[in-house]
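What follows is a set of notes on a single structure, which appears directly below.
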Amino acid sequence: MSEIILKPKEQPLVPIEANNVTPDVFAGKTLEEIKNLGIWHGNRQDRLSKFFDIEGESSENPSEIKIIIDGSVPKTKWIGKAMTAGEILVKGDVNMYVGADMKGGKILVEGNAASWPGQDMQGGELTIMGNAGDYVGSAYRGDWRGMSGGLITVHGNVGNEIAEYMLGGKMVIKGNVSIMPGVHMNGGLLIIEGNVVARVGGEMKGGTIVVKGIIDEFLAGFKYLGIERDLNLEGEIIEGAYHKFKGDLATKGASGIVYAAVAGNSHIAPY
Amino acid sequence: MEHIIKNGIVYDPLNNIDGEQKDICIKDGKIVDSVSADANVTDASGQIIMPGGVDPHTHIAGAKVNVGRMIRPEDSKKDVVGRAPGQRGGSGFSVPSTFMTGYRYAQMGYTTAMEAAMPPLLARHTHEEFHDTPIIDHAAYPLFGNNWFVMQYLKEGDLDKTAAYASWLLRATKGYAIKIVNPAGTEAWAWGGNVHGIDDPAPYFDVTGGEIIKGLAEVNEMLGLPHPIHLHCNDLGHPGNYETTLKSFDIPKGIKANPITGNRDKVLYATHVQFHSYGGTNWRDFVSEAPKIADYVNKNDHIVIDVGQVTLDETTTMTADGPMEYDLHTLNGLKWANCDVELETGSGVVPFIYSGKAPVPSSQWAIGLELFLLVNDPEKICLTTDSPNAGPFTRYPRVMSWLMSNKYREDMIENHVHKWAQKKTSIATIDREYSFFEIAQISRATPAKVLGLSDTKGHLGVGADADIAIYPFNPETQDPSTDYMKLEEALTAASYVFKDGEIVVKDGKVVNIGLPGRCYWVNSIYDEELEKQIVGEVETMFKRYYSVNFANYAVQDEYLPRSTPVDGVIL
Amino acid sequence: MEIVKNVVCPFCGMLCDDIICKVEGDEIVGTLNACRIGHSKFVHAEGAERYKKPLIRKNGELVEVTMEEAIDKAATVLAESKRPLMYGWSCTDCDAQAVGVELAEEAKAIIDNTASVCHGPSVLALQDVGYPICTFGEVKNRADVVVYWGCNPMHAHPRNLSRLVFSRGFFRERGLADRTVIVVDPRKSDSSKLADIHLQLDYDKDYELLDAMRAVLLGNEILYDEVAGIPKETIYEAVDVLKNAKFGVLFFGMGITHSRGKHRNIDTAICLVTDLNDSAKFTLIPMRGHYNVTGFNQVCTWESGYPFCVDFATGSARYNPGETGSNDLLQNKETDGMMVVASDPGAHFPQKALERMAEIPVISIEPHRTPTTEMADIIIPPAIVGMEAEGTAYRMEGVPIRMRKVVDIGLLSDKEILERILTRVKEINASK
Ligand code: SF4
Ligand SMILES: [Zn+2]
């Protein structure tokens, strides 16, 4: 693995767009070329080196490249956009759209991420150790085809409408979730280990959502299918007893499944 | 300003020029016999010259078009163009924004495009978008086929009043033709229903689609309009609809063409006939009946059709056929927009994916091509994709290449479309290939003539507007049948396009937007006295049942920066 | 005194076009047909101080300057900002809005309108699930079921009921008596008093109630005996009324666009309306506030492909409310210069957004003294469209009407001011 280290300078108030910071773009470039890559800062273009001290060595092959952002970049958007291979490690926070359109490789964010991490993700692994904002692994506005593959893991809490229009792949949220996880979901697997405020699987037509914590409020449009134990989902055994619901029957032809841990969720089961 | 285009190979069907090397002279925006030695010279050696393209049926401006843009940010995001010197940015693959629409038509060598559906109450919106659509000349067809006044007067059997109302409405909306969409069916949709076939009456008004077509076809000639009635038949997209289509085609037969402007001899323009050429009773036993439709067109001289060729893209459907769009939504489950317009019409919008992997879209693709290839006389057929319904207009070059290359079609049939294309249609058995002359007919001459604009459009004779396309393809050294990819590229990016005598496109790029496009509209007064009377009736209806004031209804002149009236009867 | 007829009211999204104005000199002194709020707009009864000269803040004080100086300063702010925001647009005409979109393109700015803080959620929803609407006349002539969800037309759109619901229509000859009115609102209001059915749901439970109604419509049982505080039986009854409508319409307002879940409430409401068309005929109309908020979304869409929140930073249009909305940009401190046209964010934006506005240069093109002009560094007063200037506006359901000029007060219109700024920005950019 060749490592390229980007040491952030002071982050400006007007955000920068680091869609060029991917192993795919860095591959085959000299350090000098990488420093001179264009980067949008508001409506101006600057060089990457204006915002980062850059060291290390690139490789011809993106899968041989590891980019380390050595510090917090809370004003930097689009890190790892559409990357297909290699690794990115961010030792701090990121702004919006980390790993958007990602197709392969790995991104690890040690801090927090703002909204839209893994938007329209098709493959690869995106891990956020801290919290994330809204729309984790969601679709672009208006599109009914969202995240279709790959794995997103958030260790902290997340906001609203995660896995919106999700089609495939897997998402694991270790912390708590606000409202509308899996809204309009059509496929894939969403596992929430913490609690959810409300509207799990609103308007979902397909896919599976597992909630291990407490769901404060549940939607009336689901059908109760009884209790199921030790779920076998995509080859993985999820232990414990779960209330099983099918829905959201507010939508035509819906056959999504929501599992809610029996422990703590007796208030949403009808019996 | 004088200009001379030298040494090009000219295809100009209206003047019977078929691939002759010929110079074209331009002065003050018009084609002339000769120019002085000071004229600017453009060398077109080894390149094709055609008149600027004329699109007789497209959806580029107005309420439903903009809803198509608005509900589809995911379509906009697919195709974005930035601002450039002298040029505006924009976005949209299937429904480009207005500036992009003008530029893209021009880049393909098209210089005239007609918006095919304008709700009268929302006419101002169409004209506002025209205002922001650069380069191309244009017009819009107001919708008449479900209009309360039309239905009421026809029910009373009063063709004179219908004619007086129609001429008033054309002027009030600055409209160009009588457009009929699913007659009686859209009114039924206002109550959630539809009609089936031409003999099923609209609720309350109790007139049938057939009666509306007949009445308006007669009115059209009473008014001496430049274009015949422009008909979108009942039962669009239903298996088995070809019978309705053939019956509808027969209705205006026998009516005599009476254009005051232009010299069309047809009394019916039937649009996107591909969607109306289906046999069978459901989507399983569905088959192409394009051969029967083509046969009818071949044997009858009162009709011109356009095709509505499916291009196998993800696109956005939009039509005044409200019930059809709801059916489409229930079929594909995608987002549905609708707008019912008081006393006049309705509309719907639904995204649609014509996938070559899917059986029905592949058959539709083949049916469109069957129509093109089985209608013998290119003076009876126009090239359209009913943009964006069967595909965006930006695919015209591809459609032309399919028509000119049997090899291209074979490659599609073998490698890119579902086997239903062969099973349900006769496409694989047809090896006809269009010539450049025939391409120029279906995309220039025929539409210009049937629009009544062939004095100035669709040809390169003296007196024509100097709207000219030059394509980087050499018919003497390149064979469209085998070099079909090159052909498609050449037709996508004209090497030069002249609009009103100015170079607006060079090497496929817009270099100048020239004057605003002309807006054609029909100036017709059927009977001044009668018109006063019906306007009184209209005003009464406005007071009671419209939601805008009569005084605020008509489109003001301010909305037409280059107003170009065309005469109908003025009595 | 002069009488001007068929005047279009430049106040709310009803865009009433039957107003009669009484004019004395360059002043409108009275109106007929306008409602209370429309009338007070025409006769300037708000009593707000009117600006007639451009002003620039120098050392904290607003001082009068020439138009040239104000235009130059405004253009400089736009051209020098890295992430300029151009907000407002809902109380001006479409031609001005169109110049605004071009100016945003030229200045590589973000352009956004007041939908961002009112019916933005409706726009996001229609982008996900569609937009089945009708024009007002359809409501008047056909509607036998009229639903008001999260809105109080008696107050916000005073002539909505009288023009469309009380009035007689072609197929509704007895007016109100031929219609069933349903109000869905957690509060009692003047509008709910008129309703045949008032579903007084719990606050923030619109989505829950709609989800249950949709499930019932599709023939499913629902999980709970009570949803959003409404008993199951009542939900069944209400759905029954809706699905038996010959022509139904759902008007919806800020009460549902801004309760918990925002655009998802509208999303599922649109889907309810859509699915109702399997059995009934059903449509909807958003109760849009400012008279030409709809027009901006139309113009911005046909010019850029997107209805609002359009980011031209890279030279090409991008769109993602949540990132490119005015409040997102201000609250995340992304924007570094702001131009406000024909609106008053100073009065309506949350504190955190106002804090950012206080830190950055603000240009206000605005006829009156407002909380926004109090924060502005440059104020350019225009003629008021619909009274002192003409132009196009789009009614809430998309019917375009030409606004009339009733009096002449000799000020530049918004459009003319913006054109001058555009010219100046082009000059500055060309010299860069
Ligand atoms: S309802 Fe609205 S548009 Fe009509 S008069 Fe009142 S304020 Fe003006
Ligand atoms: Zn059409």
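We did not get these values from a lab; they are worked out from the coordinates using the rules stated. In this text the structure is predicted, and so the values were computed from the model without any measurement. No Cβ is skipped: glycine too gets one built from the backbone with ideal geometry, and neighbour counts run over all protein chains shown.
Results, tabulated for the structure shown:
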item: Kirkwood-based shape ratio for chain C, expressed as Rg/Rh from alpha carbons; result: 1.00
item: Shielding by partners, peptide A:136-142 (average Cβ within 10 angstrom, other chains); result: 6
item: Electrostatic dipole magnitude of the stretch A:115-268 [Cβ: Lys, Arg +1; Asp, Glu -1; Cα centre; debye, to 20]; result: 320 debye
item: Fewest-first ranking of B:Ser347, A:Ser266, using other Cβ atoms within 10 Å as the exposure measure; result: A:Ser266, B:Ser347
item: Against the rule of thumb 2.2 N^0.38 Å, how large the Cα Rg of chain B comes out; result: 0.91
item: Relative contact order (%) - criterion: Cα under 8 Å, at least six apart; region: chain C; result: 25 percent
item: Using a Förster distance of 25 Å, the FRET efficiency for A:Glu32-A:Ser63 (Cβ separation, nearest 0.05); result: 0.65
item: Phi-based couplings in Hz for the stretch C:143-152 (Karplus 6.51, -1.76, 1.60; Gly and Pro marked x); result: 5, 10, 10, 10, 10, 10, 10, x, 8, 10
item: Relative contact order of chain A, defined on C-alpha pairs under 8 angstrom at six or more residues apart (%); result: 10 percent
item: Packing-based ranking, highest mean first, of C:4-14, B:383-393, C:348-358 given that Cβ atoms within 10 Å are counted; result: B:383-393, C:4-14, C:348-358
item: Sorted by Cβ density within 10 Å, fewest first, the residues A:Ile191, B:Ile60, A:Ile238, A:Ile34; result: A:Ile238, A:Ile191, A:Ile34, B:Ile60
item: Amide hydrogen neighbours beyond the local backbone of B:Ile570, cut-off 5 Å, H modeled; result: B:Ile525
item: Spatial extent of chain A: Rg and Dmax, with the Cα atoms as the point set, Å; result: 19.8, 67
item: Percent of alpha-carbon pairs separated by more than 19 Å within the stretch C:46-155; result: 69 percent
item: Listed pairs C:Lys243/C:Lys281; C:Lys22/C:Lys52; B:Lys161/B:Lys247; B:Lys214/C:Lys281 exceeding 19 Å between Cα atoms; result: C:Lys22/C:Lys52; B:Lys161/B:Lys247; B:Lys214/C:Lys281
item: Vicinal HN-Hα couplings computed from phi for the stretch A:131-144 (Karplus, 6.51 cos²θ - 1.76 cosθ + 1.60; Hz; Gly/Pro x); result: 8, 9, x, 7, 6, 5, x, 10, 8, 6, 3, x, 8, 9
item: 5 angstrom amide H check on A:Val210, placed H, neighbours 5+ away; result: A:Leu190, A:Ile191, A:Ile192, A:Tyr259
item: Column: log10 I(q)/I(0), Debye, Cα scatterers of the stretch C:181-247, q = 0.12, 0.20 Å⁻¹; result: -0.29, -0.80
item: Computed label-point distance, nm, for sites A:Arg145 and A:Arg229 using a 7 Å Cα→Cβ extension; result: 4.3 nm
item: Efficiency of FRET between B:Asp557 and C:Met67 - r from beta-carbon atoms, R0 25 angstrom, step 0.05; result: 0.25
item: Per-selection Rg to Rh, the stretch A:191-271 - Cα, Kirkwood hydrodynamic radius; result: 0.93
item: Euclidean distance of C-alpha centroids, the stretch C:211-282 and the stretch A:38-87, integer Å; result: 48 Å
item: Point-charge dipole on Cβ atoms (K/R +1, D/E -1) for the stretch C:155-200, about Cα centre, debye to 20; result: 120 debye
item: Helix-only [θ]222 nm of chain C, DSSP H runs n ≥ 4, -39500 (n - 2.57) each, per residue, nearest 500; result: -10000 deg cm²/dmol
item: Label-point gap, in nm, between A:Glu3 and C:Glu173 - each point 7 angstrom along Cα→Cβ; result: 8.7 nm
item: Set of the stretch C:179-193 residues, backbone N closer than 16 Å to the point 7 Å along the Cα-Cβ line of C:Ser162; result: C:191
item: Least to most buried among C:Glu303, B:Glu2, B:Glu529 (fewest other Cβ within 10 Å first); result: B:Glu529, B:Glu2, C:Glu303
item: Normalised contact order of the stretch A:115-268, rounded percent, pairs of Cα under 8 Å and 6 or more residues apart; result: 15 percent
item: Residue-averaged 222 nm ellipticity for chain A, from DSSP H runs of 4+ at -39500 (n - 2.57), nearest 500; result: -1000 deg cm²/dmol
item: Using distinct alpha-carbon pairs, which all enter the 1/r mean, Kirkwood radius of the protein assembly as shown in Å; result: 31.9 Å
item: Long-range HN-HN contacts of B:Gly279 with modeled amide H, under 5 Å; result: B:Gly240, B:Val287, B:Ser288, B:Glu289
item: D (Stokes-Einstein, µm²/s), Kirkwood Cα radius, the stretch B:216-342, 1.306 mPa s at 10 °C; result: 99 µm²/s
item: Angstrom value of the Kirkwood radius, inverse mean 1/r, which spans all Cα pairs in the stretch A:115-268; result: 14.7 Å
item: Helix-only mean residue ellipticity at 222 nm for chain B, each DSSP H run of n ≥ 4 adding -39500 (n - 2.57), per residue, nearest 500; result: -9000 deg cm²/dmol
item: Too-long pairs where the Cα-Cα distance tops 28 Å, listed order kept, from A:Lys106/A:Lys223; C:Lys58/C:Lys415; A:Lys246/B:Lys77; result: A:Lys106/A:Lys223; A:Lys246/B:Lys77
item: Peptide C:204-211 - average C-beta neighbours from other chains (10 Å radius); result: 5
item: Whole-Å distance, taken between Cα centres, linking the stretch C:333-364 and the stretch B:335-373; result: 45 Å
item: Filtered trypsin sites (Lys or Arg not before Pro), the stretch C:49-139: DSSP coil and at most 15 other beta carbons within 10 Å; result: C:Lys52
